[in-house]
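A quick write-up on the structure given underneath.
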Amino acid sequence: MVSVAAKPSNHIRESMSRRIFLVANTLILLFVCVVMLYPVIFVTAASFSEETAILRGDVSFLPVNAHVEAYKKVFNYPLLWQSYGNTVLYTVVGTTINMLLTVCGAWALSQKKMVGRRFFTLMCTFTMFFNGGMIPTFLVIKELDLLNTIWSIVLPGAVSTYNMILMRTFFLAIPSSLVEAAELDGCSDFGVLIRIVLPLSMASLMTIGMFYAVGHWNSYFSAVLYLNKPELYPLQIILRQVVLMNEIVENASSTQVNMAEGIKYATIVVAMLPMLCIYPFVQRYFVKGVMIGSVKE
């Protein structure tokens, strides 16, 4: 009689404490997801709901007596589209400048052959903790004649020291042998950066680029300080006028005035929709991007 040897099991049995941890961790994360998603769901449902249902507090996850009248009123508001165009312009131009300067600065600081690299790194780090303040910055913008221009929005925060150091850390993690091989093949410093380093740094570029883009899209205070022409206002200024000052329903009929709450929620949905559409395409880079420099080998 031939006995068949039992196959060794590769499955590692989890301990009871490990199972409890996983269950607790899952429940906590589910709770956090619900807490974070509910405001978005509520605002979206309220934007399609009847005004009286919103005021009574009947709206929770689904619209009540759904309609799109609030969106029609929002889309017919001319300043909304003008401010939308301004915000898109500020975001695109600002993010482009941010990424260009951040990449160039991070690449220079990551080069060990750069003279005074430690000094310049310390000087950049110094600006993270000390700055001139709001009033000196405003006076500089005024003396440069940048008030009521796009440059007053995109230039004062052209470089984030934190993001630049984050990207510098990512560049340092790239094997030096790749850079040396490219240099032996005749690549210049910019050639190495463009052909070797940037394609390997896509996670870092997408993550930091998203940080910059969201910052520009949500920017409000810079516009309050440096802009006083309504035709230059970004979306967040118009959103404030709608939410706090009922700008759209001012001098409107009684029926439209009764739509005030729905119009507020509809404006919020319209304002946040672009970032919600872009985020899923960038999200896959976030896990790797935000872990930059967290593990040392």
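The values are calculated or read from the model by the stated rules, or taken from the named source; none is laboratory data. Because the structure is a prediction, the values reported are computed rather than measured. Reconstructed Cβ throughout: ideal geometry from the backbone, glycine too, with neighbour counts over all protein chains shown. Ligands, DNA and RNA are excluded from the accessible area calculation, which covers all protein heavy atoms including side chains. Shrake-Rupley method; radii C 1.70, N 1.55, O 1.52, S 1.80 Å.
Looking at the chain, the accessible area is 63 square angstrom per residue; that uses a 1.4 Å probe and ignores ligands, DNA and RNA.
Of all the options 281, 61, 42, the one that moves most in a Gaussian network model of the chain with Cα springs shorter than 10 angstrom is 281.
With equal scatterers on the alpha carbons only and no solvent term, can you work out the Debye log10 of I(q)/I(0) for the stretch 176-219 at 0.15 1/Å? Treating every Cα as an identical point scatterer, log10 I(q)/I(0) equals -0.49. Using 1/(1 + (r/R0)^6) with R0 = 22 angstrom and r between the beta carbons of residue 61 and residue 282, what's the FRET efficiency to the nearest 0.05? Calculated value: 0.25. Residues 224, 74, 115, sorted by accessible area with the largest first, give 115, 224, 74 [1.4 Å probe; ligands and nucleic acids excluded].
The accessible area of residue 31, taken with all protein chains in place and a 1.4 Å probe, comes to roughly 140 Å². Rounded to the nearest 500, the 222 nm mean residue ellipticity of the chain from helices alone is -21000 deg cm²/dmol, with -39,500 (n - 2.57) taken per DSSP H run of at least 4 residues. Here the calculated FRET efficiency for residue 69 and residue 190, from their Cβ-Cβ distance with R0 = 45 Å, stands at 0.25, rounded to the nearest 0.05. Counting only protein heavy atoms and a probe of 1.4 Å, the accessible surface of the chain is 67% carbon and sulfur. Once the chain from residue 140 to residue 114 is taken as fully extended at 0.36 nm per residue, the excess over their C-alpha distance is 6.3 nm. Full extension of the chain between residue 128 and residue 23 gives 33.8 nm of extra length, using 0.36 nm per residue less the Cα-Cα distance. Among complete DSSP H helices in the chain, those whose alpha-carbon atoms stretch at least 27 Å along the helix's long axis and whose mean Kyte-Doolittle hydropathy reaches 0.0 are 16-47, 78-109, 260-290. For the chain, the gyration tensor built on C-alpha atoms gives an oblate shape. Its axis ratio a/c (a ≥ b ≥ c) is at least 1.5, and a/b is not larger than b/c. Lysine pairs in the chain whose alpha-carbon atoms fall under 20 angstrom of each other, counting only those eight or more residues apart or on distinct chains, come to 5.
Only Cα pairs under 8 Å and 6+ residues apart enter the sum, and on that basis the relative contact order of the chain stands at 28 percent.
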